[in-house]
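Right, one structure below, let's go through it.
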Amino acid sequence: MPHPENVVLCRESQVSTLQSLFGERHHFSFPSIFIYGHTASGKTYVTQTLLRSLELPHVFVNCVECFTLRLLLEQILNKLNHLASSEGECSAHITCETFNDFVRLFKQKITEAENLKDQTVYIVLDKAEYLRDMEANLLPGFLRLQELTDRNVTVIFLSEIVWEKFRPNTGCFEPFVLYFPDYSIGNLQKILSHDHPPEYSADFYAAYINILLGVFYTVCRDLKELRHLAVLNFPKYCEPVVKGEAGERDTRKLWRNIEPHLKKAMQTVYLREISSSQWEKLQKDDTDPGQLKGLSAYTHVELPYYSKFILIAAYLASYNPARTDKRFFLKHHGKIKKTSFLKKHEKTSNHLLGPKPFPLDRLLAILYSIVDSRVAPTANIFSQITSLVTLQLLTLVGHDDQLDGPKYKCTVSLDFIRAIARTVNFDIIKYLYDFL
């Protein structure tokens, strides 16, 4: 294996610190190490590369995947069991319910495994912030696992938040804290230039990365996102060279060709409104990404049939004055002119003032009016309202324990609700007071 410092770029001091903490294989290492830093600062990559290149026995677990105590503990024990068993040997699945059982089974496995007896075993917990939502004894238990098991084990926590947000009020064993700072523009230039395609020279690709960072560095410093953008836009940058219209050193021509496409890409940084293949097709056709807005996550949301009507009813209740409900939703209301609704000072559009809170009974009354078929007020309807609150399409206003019933606000935009209404053939504009 190559030396880790040659594989991991721009993280020499962190690699050096971790190597000194790990020490020799048979030495007892630090019981727990807490590594934190922003997204895409190299925490996971550095830790995995270091453990693999030094060929140290380790178990890597993602806390997002293992969202319950049982899943987490069983994943660690089964991966440890796989490490301990010899190649080709089939190992039985281990079940574990509590942390107490985990400590007992962990000791047992380390004792039985000949290849793990005289060396440090590393347990790496990625996305460790999710441990705070699990049982209260879990984090303190992992921090002092070396002491509880009396075995040579080190637990490494990888997180995006600081240690102070983890520390329990009751106190706990303090880990060794290591910070991974964000990559500087020079670091990003060096790392991204390292990915250059073999058919082009390193200088040509470095010049392209320099242009890319010049455009995107102010709005995006996420290495993964920049790497994605670099791969996505590179064929367009090479186009004049491939066609023979410019040489590799004609930076002015190359910049003039790529500039409009980078500006388009700026509008969708992080959003992923369209797939990479669709973006490439757009670049070939030189069309506007706005034409594919129908594919956007914001204009196309899959909701159950009645949930769509509940959301429409909520929007009408938020943006129509309550006194206009009779006009819109009563069949035999007689002739009512808009002028009779208008107060002297009522000139401002409700859409400019923003959504108003409304009670639950008003929402249900509008819902029964706009849905053609008879809808019984079942638990299913109420659970769908709760789901819309969870999706942040509705907001609960006030406290849950208020006596006069819950009040809600609709938080979606007019474009969004028109797209939803279109899917159920409902003309929402006819029912909005601002558009009379």
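The values are calculated or read from the model by the stated rules, or taken from the named source; none is laboratory data. Computed from a prediction, not measured in an experiment: that's the story for all the values here. Heads up, the Cβs are rebuilt from the backbone with ideal geometry, glycines too, and the neighbour counts pull from every protein chain shown. Areas reflect the complete protein model, heavy atoms only, side chains present, ligands, DNA and RNA absent. Shrake-Rupley method; radii C 1.70, N 1.55, O 1.52, S 1.80 Å.
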Quiz prompt | Estimated inter-spin distance, I429 and K253, nm [label 7 Å along Cα→Cβ] | solution = 4.9 nm
Self-check item: Gap separating the Cα centres of the range 138-153 and the range 61-114, nearest whole Å
Solution: 15 Å
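Are any of the pairs K43/K107; K190/K264; K263/K308 more than 31 Å apart by Cα-Cα distance, and if so, which?
Table pairs above 31 Å Cα-Cα are K263/K308.
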Practice problem: Provide the packing ranking of 162-170, 307-315, 73-81, i.e. peptides ordered by the mean count of other C-beta atoms within 10 Å per residue, highest first. | Solution: 307-315, 73-81, 162-170
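Of the accessible area of the range 4-179, with the probe set at 1.4 angstrom, what percent is carbon plus sulfur? Write out the running numbers ahead of the final one.
Numbers: 4250 of 8530 Å².
Within the range 4-179, the accessible surface is 50 percent carbon and sulfur.
Just to verify a number: FRET efficiency for T378 and E24, C-beta to C-beta distance, R0 = 45 Å, to 0.05?
Numbers: r = 67 Å, r/R0 = 1.49.
Once rounded, the FRET efficiency stands at 0.10.
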Exercise. With label points built 7 Å along Cα→Cβ from the Cα atoms of V242 and K356, find their separation and express it in nm.
Key: 5.8 nm
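What shape does the range 133-264 have by the C-alpha gyration tensor, where a ≥ b ≥ c are the square roots of the eigenvalues, rounded means a/c under 1.5, and otherwise prolate means a/b greater than b/c and oblate the rest? Mind showing how you got there, number by number?
Numbers: a/c = 4.29, a/b = 3.16, b/c = 1.36.
Cα axes put the range 133-264 in the prolate bin.
Would you mind working out the magnitude of the charge dipole of the range 114-257 relative to its Cα centre, with +1 at each Lys and Arg C-beta and -1 at each Asp and Glu C-beta, to the nearest 20 Debye? Before the final figure, lay out each step's value.
Numbers: 17 positive and 21 negative charges, 110 e Å.
That gives a dipole near 540 debye.
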Quiz item: Rounded to the nearest whole Å², what accessible area per residue is found for the range 4-179 with the 1.4 Å probe?
Solution: 48 Å²
Quiz item: Once the piece of chain linking Y200 and Y217 is laid out straight, how much longer is it, given 0.36 nm per residue of separation minus the C-alpha distance between them?
Solution: 3.7 nm
Quiz item: Using just the C-alpha positions of the range 1-152 as equal point scatterers, what log10 of I(q)/I(0) does the Debye formula give at each q in 0.15, 0.18 1/Å?
Solution: -0.84, -1.22
Quiz item: Roughly what would the spin-label model give for R132 and K117, points 7 Å off Cα along C-beta, in nm?
Solution: 4.3 nm
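To the nearest 20 debye, what charge dipole does the range 41-172 have about its Cα centre, counting +1 at the Cβ of each Lys and Arg and -1 at the Cβ of each Asp and Glu? List each step's numbers first, then the result.
On the way: 14 positive and 18 negative charges, 58 e Å.
Roughly 280 debye, rounded to the nearest 20.
Work out the FRET efficiency for N210 and Y368 from their Cβ-Cβ distance, taking R0 = 51 Å, and round it to the nearest 0.05.
Details: r = 62 Å, r/R0 = 1.22.
The formula returns an efficiency of 0.25 here.
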